[in-house]
Amino acid sequence: MPSVIGLLEERERAAAGRVEVLREKADRILAESREAELDWKRFVVSRETVVEVLAGPDPAEGDLNPVEGIWSHLRRGWLSNVAFTTPEHLVQRIRRGLRHIQYRSHLIGGCLAETGLTIRPA
């Protein structure tokens, strides 16, 4: 007949083994939870970045690049309704358009005004 102390020691070893298994399982679950949380944080940052990119620049700030206004003027004027036969033909039309804009300071001033920039004499 087994002794009471022997039975208690046997149950204690079984409980200690079960506790160790449960601790390993809890550690694995915690590691998976940390990894999932990092993935979630990366997803949130990526989503915010995509939202910012798709939203575009703030309309209150205006267009930050005055060159965009110049190109817009060229596309609507000197480059519109033209079938370019060679790359040189395209370059020639762009140069003529830029020369035209260069001598009309109000066009350059308008493109700068869209950005909030001004020309100050040196």
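What to note about this one:
- Among LEU98, LEU54, LEU22, the largest mean-square fluctuation in a Gaussian network model of the chain, built with springs joining Cα atoms closer than 10 Å, belongs to LEU22.
- In Å², nearest 10: area of ARG104 left accessible to a 1.4 Å probe: 90
- Accessible area per residue for the chain, computed on protein heavy atoms with a 1.4 Å probe, is 86 Å².
- Axial C-alpha extent at least 24 Å, average Kyte-Doolittle at least -0.5 - helices from the chain (DSSP): 4-55
- Gaussian network model of the chain, springs between alpha carbon atoms under 10 Å - residue of VAL67, VAL51, VAL21 with greatest fluctuation: VAL21
The values are calculated or read from the model by the stated rules, or taken from the named source; none is laboratory data. As the structure is a prediction and not an experimental result, all values here were calculated from the model. These area figures cover heavy atoms from the full protein model, side chains too; ligands, DNA and RNA do not enter into them. Shrake-Rupley method; radii C 1.70, N 1.55, O 1.52, S 1.80 Å.
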